[in-house]
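Each remark here refers to the structure printed beneath this line.
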Amino acid sequence: MNSPRNTNGSTLLEKTKIVSQKTIQFMKKQWISFKRTDFYRSIRFKRINPHKEKSQDESSSLTATNDKQQNGDKKRALNKEGKNFTLSKFLFGFNVGYSVIKNLFIMIVIIGLIGGALVGGIGLGFFASLVSGEKIPTYEEMKTDIENVSATSSMYYATGEKISDLKTDLKRSEIPLSEMSPLVQNAIIATEDEYFYEHSGVVPKAVVRALFQEVSGAGTTSGGSTLTQQLVKQQILTNEVSFKRKANEILLAFRIENYFTKEELLENYLNVSPFGRNNKGQNIAGLNEASTGIFGLKASELTLPQAAFLAGLPQNPIIYSPYTQTGALKEDFSAGMDRKNEVLFRMYREQYITKEEYDTALAYDLAKDFLPQEMDIKDSTDYVYNFVEQQARQILMDQLYTADGFSAKDLSNDQDLRDSYYNQANEDLRTKGYTVYSTIDKGVYEAMNDVVKQYASPEISYDENNDPIVNNTSDLGTVKVVDYFDAETGETKKLVEPVQNGAILRDNATGRIISFIGGVDYEITQVNHAYQAPRSPGSTMKPLLAFAPALEEGIITPATMVFESSAKVPSWENGSLGTHEITNFGDVTPNKWTNVRSGLSKSSNIVTTKIYEQMKNTYNMAEKLESYMHKMGFGSDVITTEEYQGDYYTLPIGGITKGTTVLDQTDGFSTLANDGNYTEGHVIDKIEAADGTIVYQHEAEPVEVFSAETAYLTTDILRDVLESGTAKDIEGQLNFKADIAGKTGTSDGQKDIWFIGYTPQVTLSSWIGYDNAVDTSVNDLTNSGSESPSLRNRRHWARLMNAIYNANPTVLGIDQTFQKPEGIVEAKVLNATGMLPGKVKLSDGKEVTASGATKTEIFNKKFAPKTTIYNFAIGASEKELADYWNNVSKTASSQEAKKAAADKKTAETEKAEEDKKVEADKKKVEKDKQAQEAAKKKAEEAKKRE
C-alpha cells in the first residue's frame, strides 16, 4: 500500500519560514519607527513657530505704510524659517532613511550569506539523506517501468486454458510517436514543459519557485515538474506527497534523461498519461484512446483545437473531460474549454502556431466534434471468472495487511482500513500483470455446467407489461412466481425465482476445488451459491457435529443402541426459552430400539439429538464440539460459541442461526474421506508476478480432526446411506461402480435440499433451493414438483457424477476403496444390546443373562465391545431400560420353563427309547440262545445218523 504522508522535511521548512517572517517584521518595524519620528518632529516645529494671519479688526490707528512694512518683514522672516525647516526635514529624513536602509542591507547581506551557506549545506545534506539507501535502478529496470503501459493480469484453468484477462476500469493502448499528431506533441510541451528539449530532466528555477511558494505559504503554486519527472512519478514512484519522494523523483529524472531520448520519453508520456473518460464512460489513458474515444479520430488526424483540448486533459482529466461516468456529455464544458484556450495561448506564446492559427482555433466550435454517448458493451463474465478473481484478490489483500502488521480481526473492526486494503489489492490485481493459476478443470467445469443448462435452467422472459413468461424446463423444480408487497415503494410486485443449485467438486487430500456450480443462470443472479450463500445444512450436519465426535470420544460405537422415543429439548422460539419436540421426518416417533448405524444411515433426528444431548449434558463436551468444528473450518462466523454453550440442541440436525455454505459442508465431508484430516478448499493454486516471480503458492496444511479409525467408522456407516438408507436409489443411476459414502439433508420445511457424496479421492456436494430474496408465502420446495425435492436433487447429483466421469474418468478415483485402518477390529455382538453376551445384574438385584441373536460389527480397537451392562443404551430413560430388562427377564423365565419342559420330554423320550432298546436286546439274546440250542440239537441229530 502507499505509505502515509511523509513529513521528514517539515522542521527545516518551518525554520526557514520563521527566519523569513522575522526579517519582514523587522523591516516593517524600522519603517514604522521612521514614520513615527517624522510625525513628532513636525508637531514640535509647529509649536515653536506658530503661523497666524492678521485679523481685519486690528487697530485702525496704524498707517497703511506701517502695515505694508510690517507685513513684508514678517513674510521674509517666515520664508527664511520655512526654508530652514524644509532643509532640516530633508536632512533628517535622509539620515534616518540612510541609516535604516544601510542597517537593513547589512543585516540582509549577513543573513543571506549565513542563511545561504547554512540552507545550502543543510539542503544538500537533507537531499542526500532523502535519497540515501535508495537502490539505483538499472537501465533495464527503468525501461521496464516506463514502458509498462498495459500490465494486464490473466487467469487460467488448471488445465492450461485461459479463463480471461482481468477487466479494469482503465482503458489504455499504445501507439508509436510517429502516429501521434505533431500538434499534440507541441501542445503538451508548450503547456506542461516548455524547456523539454533543453533541460536534463529537471528545471532548477521551477523547483526553486515551487520550493519558495511552499516556504512562503503562497496561496497558489505553480508546477515544478517536467514531463520527465511526471513520467517518473506515474511509472516508477507513487503519488505519495513527501520530500523524500520528490527528491527521488528529481534523481531518477536526471538518470532517465541519460539513458532515453526525448522522443522516447515523450512517446511514453503520451501513452501512459490519463485523459479522463470516453463517450462510453470508461476511464481512459494514452493519446490513442483519447483521440478515438472523444473525437473518433486517429491520433495522427487531430486538428489544432482537438489537439489543444486533449493536451490540456492530463492536468485534471476528470474535471476537464467532456463526459460523465456514464458516457453522457456534460451540460457544462467551460472548464475543459478554458483549459483548451490556455493551451492554445501557450502554443502561440512559444511560437508553435501563428496569430492567425491561434485566432481561428479559439473561434472554432469544438463541442460539435465530441462523440455522442455510446453504451459500454462489457465482456461477459461468469461464475468461474468471479470466483477466481475474488479469491485471488483476497489472497493479495491478506498479504498486504499482514505485511503491515494487521490481522483479519483488525480489518473486521475497521471498515475504512478494510476498504483501503481491498482497493489496493483490487488495483494491484488488475494492473500489475499477474498470472493467476486456478485449480479448476475446464473440461469438468463445462461438463457439470452443461448438466445445469440441459436439466436445471428454466426459460424466463417478460411480456410488454413486464409480466413473466415462464417455461418450466428445470428438473430441479418449478419457477416461483409470487406477488409480494414492497414496503419501500408501496407497490405490489412479482418475485420470480428459479430453483437454484450450488455444487462443489474438490480433492479430498489437497483441498483443490476441481469444479463447481455457482447457479442455474448467471444472468438471473451473480450470487455464487457454491460459496456465497449460507443455508441451513439440514441433516448433512449430523455426521460432523454428532456421530463423528461421539465415535472419537468412545461415547458410541456403530452398534450402540438408542431408543427412538420422544425427544423434548429446550429451544429458543420468538426470543423466549421453551420446549421443542424432536421427531423424525414426517413427524414420526417410532418408539423402538435402533442402533447408531441405522440411526445415521436412515437419518434419524431422534437418535442424533439424543447423542448430541448426552455429549453436552453428560460429558460436558460443548467446548470440545466447538473445537472439532473449528478444526474443520466452521468458525464462529458459522456457529457461534453461544450456540455451542447454550440451549441449542437442534444444531446437529441443521438448526444453525447463520447457516453454512456448500463449500463449508464439502470441506467437512472431505475431512471424513481424508482419514480425519481437514484441508481447506481452495481455488487458487499459484499467482505469478509479471516478471515470473511467484508471489503466492498454495500449500496444503492438513489439520487432524478425527482419528483414521473414527473417519473410517463414520464413512462405513455412510456407505449404508447409498446401499440401504435415504439415498439407496443413487447407485442404480450411475454409469460406473465406485466406493461411495454420502449423506442426504433436508432443512425445516424443505427449504434446503442436500446430497453430499464422496469417494476416496473426491467429494461432490449439491444443494438446491429458492433464493428467497423476499419472504413470501412460498419459500420452500414442498410443492415445486410432482416428485420429492430430495429425489430430484439425488438424480441431479448422479447426473453430475456421470458428466464428471465422461469428461475425465480419473478425477473420481473410482478404482480406489476406503482402506480400513489397523485400529479397526471386528467383533460379534448381540443384536439387542450392541455388546457381548453375559450376565447382567438388574436394579432389583436379580441377575439375567444377556444373550440372543448376534451380528458382526466393526469397532475402534480402543473402544472394543464389552460384556453387556444394564445401562447399555445412550440417552435411554430409566423406564425404557427397566422395560427392556423386564422383557428380557420375562423372556428368560419363559425360555427357562420351555427349556425345562423340553428337557423333561427329551429325558422321557430318551428313557423310553432306552427301555425299548433293553427289551429288544433281551429278545435278541433269547433269540440267539434259542438259535444256539437249535443248532446244537441239529448237530447232535446229525451225529446220531452217522
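None of the figures in this text is laboratory data; all of them are computed from the coordinates on show. The structure presented is a predicted model; accordingly, all values stated were derived computationally and were not measured. So basically every Cβ, Gly included, is an ideal-geometry build from the backbone, and we count neighbours across all protein chains shown.
Of note:
- Label point distance in nm, residue 357-residue 866, each placed 7 Å from Cα along Cα→Cβ: 10.4
- Available extension along the chain between residue 523 and residue 939 is 137.6 nm, counting 0.36 nm per residue and deducting the alpha carbon span.
- Rel. contact order, % - alpha carbon contacts under 8 angstrom, at least six apart, the range 567-708: 18
- Residue 697-residue 169 FRET efficiency (beta carbon distance; Förster radius 22 Å; 0.05 resolution): 0.15
- Charge tally in the Cβ shell below 13 Å around residue 790, where Lys, Arg are +1 and Asp, Glu are -1, residue 790 excluded: +2
- Charge tally around residue 172: other residues with Cβ under 15 Å, Lys/Arg +1 each, Asp/Glu -1 each, net -1.
- Distance between the range 462-496 and the range 728-787 - C-alpha centres, whole angstrom: 25
- For the range 168-369, averaging the sequence separation of C-alpha pairs within contact (under 8 Å, six or more residues apart) and dividing by the residue count gives a relative contact order of 25 percent.
- Extension gain (nm, one decimal) between residue 325 and residue 297, 0.36 nm per residue minus Cα-Cα: 8.0 nm
- Summarising the amide proton neighbourhood of residue 854: residues at separation of 5 or more, or on other chains, whose placed amide H is nearer than 5 Å comprise 831.
- Here the peptides 462-468, 599-605, 764-770 are ranked by packing, the mean other Cβ count within 10 Å, and the order with the highest first is 764-770, 599-605, 462-468.
- FRET efficiency for residue 816 and residue 459, using Cβ-Cβ distance with R0 set to 45 Å, rounded to 0.05: 0.65
- With R₀ fixed at 35 Å, the C-beta to C-beta distance from residue 926 to residue 891 puts the FRET efficiency at about 0.10.
- Filter on 923/944; 143/280; 828/861; 624/862 - keep pairs with C-alpha separation over 22 Å: 923/944; 143/280
- Across the alpha-carbon set of the range 410-480, the Rg to Rh ratio works out to 1.24, Rh being the Kirkwood radius.
- The protection proxy used here, the mean number of other Cβ atoms lying within 10 Å of each residue, ranks peptides 507-516, 692-701, 421-430 as follows, highest first: 507-516, 421-430, 692-701.
- Inter-centroid distance (Cα atoms) of the range 318-376 relative to the range 885-946, Å: 133
- Normalised convex hull volume, the range 168-369, alpha-carbon set, Å³ per residue: 130
- Note, ³J(HN,Hα) from phi for the range 864-881, Karplus 6.51, -1.76, 1.60, rounded to Hz, x at Gly and Pro: 4, x, 10, 4, 4, 10, 4, 8, 7, 9, 9, x, 7, 7, 4, 5, 5, 5
- Cα extents of the range 877-946 along the three principal axes, largest first (Å): 100, 12, 5
- For the range 877-946, size of Cβ-based charge dipole, Lys and Arg +1, Asp and Glu -1, in debye: 760
- Cross-link pairs beyond the 30 Å C-alpha cut-off, checked among 568/839; 728/839; 602/855; 904/927; 610/841; 686/751: 568/839; 728/839; 904/927; 686/751
- The gain in end-to-end length when the residue 723 to residue 178 segment is fully stretched comes to 188.7 nm, 0.36 nm per residue minus the alpha carbon separation.
- The range 502-537 versus the range 708-727: alpha-carbon centroid distance in Å: 24
- With contacts taken as Cα pairs under 8 Å at a separation of at least 6 residues, the range 328-424 carries a relative contact order of 20 percent.
- In terms of packing, defined here as the mean over residues of other Cβ atoms within 10 angstrom, the peptides 914-925, 469-480 line up highest first as 469-480, 914-925.
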